[in-house]
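Reviewing the structure listed below.
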Amino acid sequence: MWGISTLYWPLLDAAGPVEILAHRMVWALLAVAVILAARGQWGGLVAALRDPRKILILAGAALVISVNWGVFIYTVNSGQTSQAALGYFINPLVSIVFGVIIFSERLRRAQWVAVALGVLAVAVLTYAYGAVPWMSLSVAFSFATYGVLKKLVRLDGLDSLAIETLLMFLPALGYLLYLGHAGTGTFTSVSTTHTLLLIGAGTVTALPLLCFGMAARRIPLSTIGLLQFMVPIMQFLFAWLVFDEELPLSRWLGFGIVWAALVVFAVDMLRNTTPRPARTAVAEPPPDDSPAADLRPAGGGAADGGAERGRIGAATQEAAGGPVPP
């Protein structure tokens with residue numbers, strides 16, 4: 001859903017990025033309310049609204065995801081989808097660094113190599129673009145921050161998203177009313193199709209955010225980062241094959257370094273999460289007068305990986321106050 005939404009925003013090009021973002025906020029609340037009503041589960045939402053700490057964290061989450069979507073929409077609709085793709089390519093690397101800093105997750109050597117390659121790629125692409133790719137970095141850091149904040153809130157994904165959209169509803173509605181009063185809004189002045197697409201922006205963004213909120217509480221940030229590789233691949237292909245963006249050799253080189261970083265990270269992740277057969281130590285039977293040896297799995301493999309994930313999960317649980325990720 002994240003990836004396909006890249007094709008949605010150019011359909012709303014008649015409206016500016018801020019107006020599109022405001023409509024996204026307003027109609028996303030309606031979409032979430034419909035889902036809540038269908039489920040008939042309002043208790044968690046009411047309880048969360050009475051918790052100042054959760055409200056504060058979710059206010060921060062609502063702010064950073066609004067920045068993320070605003071920059072993303074501007075990037076796509078200004079013909080720079082490749083920068084959006086770069087931002088989401090970098091995002092998994094930012095997420096794993098945040099996992100180290102905030103949740104005390106420990107990275108293996110290959111993961112540090114991936115992060116270093118990511119930094120090198122940004123430097124190369126800064127030269128290729130002729131300036132710091134601020135849109136890419138804004139997308140990457142804002143979404144990684146959103147992931148951290150969602151992990152800190154022990155709250156159902158739907159309830160969390162409902163509060164986020166509720167917090168942004170009045171500012172967004174006020175802005176749209178201002179545009180309508182000034183005669184510069186496009187909600188009813190372009191076409192019926194345009195109006196319906198603006199209304200649909202809420203659902204287009206609410207569904208992936210809902211899924212992300214549910215995932216952020218259940219799995220480590222590093223795994224989320226691994227899954228998110230699909231999004232920038234789709235966006236890059238759209239930029240190259242659909243939007244026909246200019247991609248000189250220098251940009252291909254920068255993206256190539258990013259892809260190398262992600263390959264290193266992905267291979268390391270898969271090697272350390274795939275279960276391996278336990279190796280049994282072969283030893284002579286102990287003498288009759290000696291205590292039996294304490295047998296433990298030999299070597300690294302899944303045993304060490306499981307111990308490390310258990311330690312990371314415990315640290316995450318302590319930081320987030322939530323269930324240990326599987």
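Overview of results
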{"read-out": "The range 15-90: trypsin sites (Lys or Arg not before Pro) falling in loop per DSSP and having at most 12 other Cβ within 10 Å", "value": "Arg50"}
{"read-out": "Tensor-based shape of the range 58-156 (alpha-carbon gyration tensor, a/c under 1.5 rounded, otherwise prolate or oblate)", "value": "oblate"}
{"read-out": "Top positive-direction residue, dipole computed over the range 100-177 with Cβ charges, set Ala114, Leu152, Met168", "value": "Ala114"}
{"read-out": "Dipole magnitude of the range 1-90 about its Cα centre (Cβ charges: Lys, Arg +1; Asp, Glu -1), debye to nearest 20", "value": "380"}
{"read-out": "Arg109-Ser78 FRET efficiency (beta carbon distance; Förster radius 41 Å; 0.05 resolution)", "value": "0.55"}
{"read-out": "Point-charge dipole on Cβ atoms (K/R +1, D/E -1) for the range 118-243, about Cα centre, debye to 20", "value": "280"}
{"read-out": "Approximate shape of the range 160-261 as ellipsoid semi-axes (Cα gyration tensor, √5λ), whole Å, largest first", "value": "33, 24, 12"}
{"read-out": "Accessible-area value, Val204, 1.4 Å probe, nucleic acids and ligands omitted, Å²", "value": "40"}
{"read-out": "Projected area averaged over orientations for the range 91-141, convex hull of C-alpha atoms, nm²", "value": "3.5"}
{"read-out": "Listed peptides 102-113, 182-193, 74-85 by packing density, highest first (mean Cβ within 10 Å)", "value": "74-85, 102-113, 182-193"}
{"read-out": "Rounded if a/c under 1.5, otherwise prolate or oblate - the range 35-104, Cα gyration tensor axes", "value": "oblate"}
{"read-out": "His23 - accessible surface, heavy atoms, 1.4 Å probe, Å² rounded to 10", "value": "10"}
{"read-out": "Shape of the range 108-203, Cα gyration tensor, a/c cut at 1.5", "value": "oblate"}
{"read-out": "Solvent-accessible surface (1.4 angstrom probe) belonging to Ile101, in square angstrom, nearest 10", "value": "120"}
{"read-out": "Taking the range 109-253 and dividing mean pair separation by its residue count, relative contact order in percent (alpha carbons under 8 Å, at least six apart)", "value": "35"}
{"read-out": "Alpha carbon centroid spacing (whole Å) that separates the range 1-69 from the range 147-216", "value": "4"}
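The values are calculated or read from the model by the stated rules, or taken from the named source; none is laboratory data. Because the structure is a prediction, the values reported are computed rather than measured. Virtual Cβ from ideal backbone geometry, glycine too; neighbours counted across all protein chains shown. We work out accessible area using only protein heavy atoms, side chains counted, and drop any ligands, DNA or RNA first. Shrake-Rupley method; radii C 1.70, N 1.55, O 1.52, S 1.80 Å.
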